[in-house]
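Engineer: What follows is a structure written as structure tokens; I'll ask about it next.
The values are calculated or read from the model by the stated rules, or taken from the named source; none is laboratory data. Fair warning: this is a prediction, and the values are worked out from it, not measured in the lab. All Cβ positions, glycine included, derive from the backbone under ideal geometry; neighbour counts span all protein chains shown.
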């Protein structure tokens, strides 16, 4: 459990770094490629593109992946791409048609460029982190549906992008474990968005009267969490770490320290 908790912010740091640098460094080129495919926006392509490119996208999987987004918006975007011919039915799910594949491959190349420039001088750490992440991804149980599909997608030849993908798989493992923890307490995705924002001391938006609902449960006393609200949110985090720790339990004795060390040494340089 302790390794899972310690690894989570490092995995987030590395994955989010790559995702956040793609726009500033490659956004103009990606927009041009998207327009060539008839797309006005890249909406939902970054989080769902892997599954589209691998021919494994289903609406159910997409909704699970995008837990904190209204399901109707996710499904509407997929419908739009399918109706335009950019997604077509395949044996295992929807797959990207050639014009969309061109866009996705440009996006993957941008991710690889960001990752390789950041981590290119850390070959040993990339290799160690990638090896352990692959072991962890393989240990995810079938009920980790998004992670299980993601880990089985074709591997990338670039070692930096391969590490990025494996870390993304681990984020999906934790996403499932986290959802199980809050679903078991009768909470909804909008509830969790508000609770987590307040837990971090941030201002929370209030879509659809969420704050009023949480206040009625004694979890929020605007603009702060109540003691009970903080206890519940802390317990969700503890359960998430406990669940994630079951996956990390497959590691050999030396792997946890090696994995954490490698993750922590991988840089996320700002321009």
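Engineer: So residue 226 ticks every box in (1) within 28 Å of residue 6 (Cβ to Cβ); (2) surrounded by fewer than 19 Cβ atoms within 10 Å (Cβ to Cβ) but one. Which box is left unticked?
Structural biologist: (1)
Engineer: Identify all residues within the range 1-11 that are part of a helix (DSSP H, G or I) and surrounded by 14 or more Cβ atoms within 10 Å (Cβ to Cβ); write none if there are none.
Structural biologist: 3, 4, 5, 6, 7, 8, 10, 11
Engineer: Let me ask something additional. Just give me the residues in the range 122-135 being surrounded by fewer than 15 Cβ atoms within 10 Å (Cβ to Cβ) and under 17 Å from residue 257 (Cβ atoms), in sequence order.
Structural biologist: Residues satisfying the conditions are 124, 127.
Engineer: Continuing with the same structure: When the range 199-229 is examined, which residues are found to be within 13 Å of residue 187 (Cβ to Cβ) and touching a strand residue (DSSP E or B) at 6+ places or on another chain (Cβ under 8 Å)?
Structural biologist: Those that are within 13 Å of residue 187 (Cβ to Cβ) and touching a strand residue (DSSP E or B) at 6+ places or on another chain (Cβ under 8 Å): 199, 214, 219, 229.
Engineer: Might you let me know whether the range 28-38 holds any residue that is crowded, with 18+ Cβ neighbours inside 10 Å, under 20 Å from the mean Cα position of the chain (by Cα), in contact (Cβ under 8 Å) with a residue 60 or more places away in the chain and part of a helix (DSSP H, G or I)?
Structural biologist: no
Engineer: Only one of these is surrounded by fewer than 15 Cβ atoms within 10 Å (Cβ to Cβ), touching a helix residue (DSSP H, G or I) at 6+ places or on another chain (Cβ under 7 Å) and modelled with pLDDT of 95 or more: 138, 147. Name it.
Structural biologist: Within the list 138, 147, the selection yields 138.
Engineer: Now for a different question. Residues of the range 209-256 being in contact with a helix residue (DSSP H, G or I) (Cβ under 7 Å, 6 or more places away or on another chain), assigned to a loop (DSSP other than H, G, I, E, B) and under 18 Å from residue 133 (Cβ atoms), which ones?
Structural biologist: Within the range 209-256, 250, 251 meet the criteria.
Engineer: Check residue 44 against each of (1) touching a helix residue (DSSP H, G or I) at 6+ places or on another chain (Cβ under 9 Å); (2) at pLDDT 95 or above; (3) within 26 Å of residue 196 (Cβ to Cβ); (4) surrounded by fewer than 18 Cβ atoms within 10 Å (Cβ to Cβ) and name the one condition it does not meet.
Structural biologist: With respect to (1) touching a helix residue (DSSP H, G or I) at 6+ places or on another chain (Cβ under 9 Å); (2) at pLDDT 95 or above; (3) within 26 Å of residue 196 (Cβ to Cβ); (4) surrounded by fewer than 18 Cβ atoms within 10 Å (Cβ to Cβ), residue 44 is out only on (4).
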